[in-house]
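> Dropping a structure here in structure tokens format, bear with me for questions.
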Amino acid sequence: MVVVIKNQANEERLVKLIDFLKTQGVSVHESLGHFQTVLGLVGDTSRIDIDTIAGLDIVETVKRISEPYKSANRKFHPDDTVVTVPSANGDVKIGEGFAFIAGPCSIESEEQIISVAQSVKKAGAQLLRGGAFKPRTSPYAFQGLRSDGIKLLLEAKKATGMPIVTEIMDASHLDLFADVDVIQVGARNMQNFELLKELGHTRKPILLKRGLANTIEELLMSAEYIMAGGNENIILCERGIRTFETKTRNTLDISAVPVLHELSHLPVIIDPSHACGKSGLVLPMAMAAAACGAEGVMIEVHNDPANALCDGPQSLTPEQFESAVKKVMCVFDAAQAALQM
Ligand code: PEP
Ligand code: MN
């Protein structure tokens, strides 16, 4: 349920209303928007009499939220959420401008991750990605360097000052992620509800990828799991879904960006690398992301794609990435200008 408060409502009466609502067994989320204050009520709202609340003179309207996702719902929080990634070199804000997250699929060695980190930083990436725990289809394929991989990623963070993003596959590994800046939940774990609940108890930004065969509503329900635990720092990521098409690794659902923006206040990024599986398709899809209003992209970059231990065919070289950043930013600026017309 959302309670929309009238502009210039008396502060004391608003506090009284919030206190009253809390006594009704719901939690109250106050969203102070640019134009409106909205109270979002989460929990069992069946005891609350809509007409009584709607009749109060500080209340403009009361609406029930029919969608099963509440905290992630745009009705609950009309303004866009900006996720802040704290960093010693200046916080990164996902949702302001256009962000680039870049790095190899897998961390392979100290030289590799530091060299890629330096290149992507120079090219304009704000965040460094690198997989340590890798979800591979085959148990015989390279599984990632696991905890050693995280140590190397932390070395790259120290060397470049870039905040880091890496994937968690099991809640029991959470201690290893203490100095990781953004925790990624991969496509295969989007509905690992026990993991999502644990992440809800942290306050770390979570990069939540859409599952291979999950709907947009299911993605938002997974975000809701994390938010229900009190962690609202979520970045949604569209990374392609399974369809009958075989020319690309997955099918990038670019329309998920405006659809998610309509339904939710959370920032949305695109991963063109896993969506397409081919390095030649990364730039056009990243440009499409910038044109359709995504808040950023996550791109796989490898110093030697031909010899990468994982996902070489979809990885850009540092030079290709540098050129892609410039082109994608041209599209982003043009799209922003077009929207002002
Ligand atoms: C990844 O980002 O390295 C990854 C495994 O992605 P996804 O979960 O989208 O397949
Ligand atoms: Mn990969």
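> Out of segment 98-149, which residues are surrounded by 24 or more Cβ atoms within 10 Å (Cβ to Cβ) and of a type in the set (Val, Ile, Thr)?
ILE101, ILE107, ILE113, VAL116, VAL120
> Which residues, counting only those in segment 158-198, are without any contact (Cβ under 8 Å) to a residue 40 or more places away in the chain, touching a strand residue (DSSP E or B) at 6+ places or on another chain (Cβ under 6 Å) and away from ligand 1 (no atom under 15 Å from the Cβ)?
PHE177 - this is the single residue of segment 158-198 that is without any contact (Cβ under 8 Å) to a residue 40 or more places away in the chain, touching a strand residue (DSSP E or B) at 6+ places or on another chain (Cβ under 6 Å) and away from ligand 1 (no atom under 15 Å from the Cβ).
> Let me ask you something else. Find the residue count for segment 242-281, including only residues that are out of contact with any Ser or Thr (no Cβ under 6 Å at 6 or more places or on another chain), farther than 26 Å from HIS29 by Cβ and among the hydrophobic types (A, V, I, L, M, F, W, C).
The number of residues fulfilling the criteria is 6.
> Can you tell me which residue among LEU281, LEU316, LEU339 is surrounded by fewer than 18 Cβ atoms within 10 Å (Cβ to Cβ) and over 21 Å from the mean Cα position of the chain (by Cα)? Reasoning before the result, please.
Details: LEU281 fails: surrounded by fewer than 18 Cβ atoms within 10 Å (Cβ to Cβ); LEU316 fails: surrounded by fewer than 18 Cβ atoms within 10 Å (Cβ to Cβ).
Selected residue: LEU339, the only one of LEU281, LEU316, LEU339 that is surrounded by fewer than 18 Cβ atoms within 10 Å (Cβ to Cβ) and over 21 Å from the mean Cα position of the chain (by Cα).
> Identify, please: which residue in segment 226-260 is touching a residue at least 60 places away in the same chain (Cβ under 8 Å) and part of a helix (DSSP H, G or I) and is, among those, least open to solvent (accessible area, probe 1.4 Å)?
Here is the first cut: in segment 226-260, the ones touching a residue at least 60 places away in the same chain (Cβ under 8 Å) are 227-228, 232-235, 237, 249.
With part of a helix (DSSP H, G or I) added as a condition, the list becomes 227-228.
Values: MET227: 9, ALA228: 86 Å².
Going through the qualifying residues, I end up with MET227.
> Follow-up. Using the structure shown, decide if PHE133 is aromatic (Phe, Trp, Tyr), within 16 Å of ligand 2 (Cβ to nearest atom) and either modelled with pLDDT of 95 or more or touching a Phe, Trp or Tyr at 6+ places or on another chain (Cβ under 8 Å) (or both).
Details: aromatic (Phe, Trp, Tyr): yes; within 16 Å of ligand 2 (Cβ to nearest atom): yes; either modelled with pLDDT of 95 or more or touching a Phe, Trp or Tyr at 6+ places or on another chain (Cβ under 8 Å) (or both): yes.
Yes.
> Here is a further query. What strands (runs of 3 or more DSSP E), lying completely within segment 73-120, carry at least 2 residues that are out of contact with any Gly (no Cβ under 8 Å at 6 or more places or on another chain)? If you could, list the steps in order and put the result at the bottom.
On the way: elements: 83-85, 92-94, 99-103.
In segment 73-120, the matching strands (runs of 3 or more DSSP E) lie at 83-85, 92-94.
> Then there's this: Please count how many residues of segment 4-26 are touching a strand residue (DSSP E or B) at 6+ places or on another chain (Cβ under 9 Å), open to solvent by 70 Å² or more (accessible area, probe 1.4 Å) and not in a helix (DSSP H, G or I).
Matching residues across segment 4-26 total 2.
> Taking the residues in segment 120-130 that are of a type in the set (Lys, Arg) and either closer than 13 Å to PRO318 by Cα or away from ligand 2 (no atom under 14 Å from the Cβ) (or both) as candidates, determine which candidate is nearest to the chain's Cα centre (by Cα).
Residues of segment 120-130 of a type in the set (Lys, Arg): 121-122, 129.
Those left that are additionally either closer than 13 Å to PRO318 by Cα or away from ligand 2 (no atom under 14 Å from the Cβ) (or both): 121-122.
Details: LYS121: 20, LYS122: 23 Å.
The extreme case among them is LYS121.
> Please find, among ALA223, ALA286, ALA290, ALA306, the residue that is of a type in the set (Gly, Ala, Ser), open to solvent by 10 Å² or more (accessible area, probe 1.4 Å) and assigned to a helix (DSSP H, G or I).
Working: ALA223 fails: open to solvent by 10 Å² or more (accessible area, probe 1.4 Å); ALA286 fails: open to solvent by 10 Å² or more (accessible area, probe 1.4 Å); ALA290 fails: open to solvent by 10 Å² or more (accessible area, probe 1.4 Å).
Result of the check over ALA223, ALA286, ALA290, ALA306: ALA306.
> Step by step: first the residues of segment 65-97, then only those that are open to solvent by 40 Å² or more (accessible area, probe 1.4 Å) and of a type in the set (A, V, I, L, M), then the one that is nearest to LYS327 (Cα to Cα). Which residue is that?
Among residues in segment 65-97 that are open to solvent by 40 Å² or more (accessible area, probe 1.4 Å) and of a type in the set (A, V, I, L, M), the one nearest to LYS327 (Cα to Cα) is VAL82.
The values are calculated or read from the model by the stated rules, or taken from the named source; none is laboratory data. Predicted model, so just to flag it, every value in this text is computed and none were measured. Glycine gets a Cβ as well: all are built from the backbone with ideal geometry, and neighbour counts include every protein chain shown. The accessibility values were calculated without ligands, DNA or RNA, using every heavy atom of the protein model including side chains. Shrake-Rupley method; radii C 1.70, N 1.55, O 1.52, S 1.80 Å.
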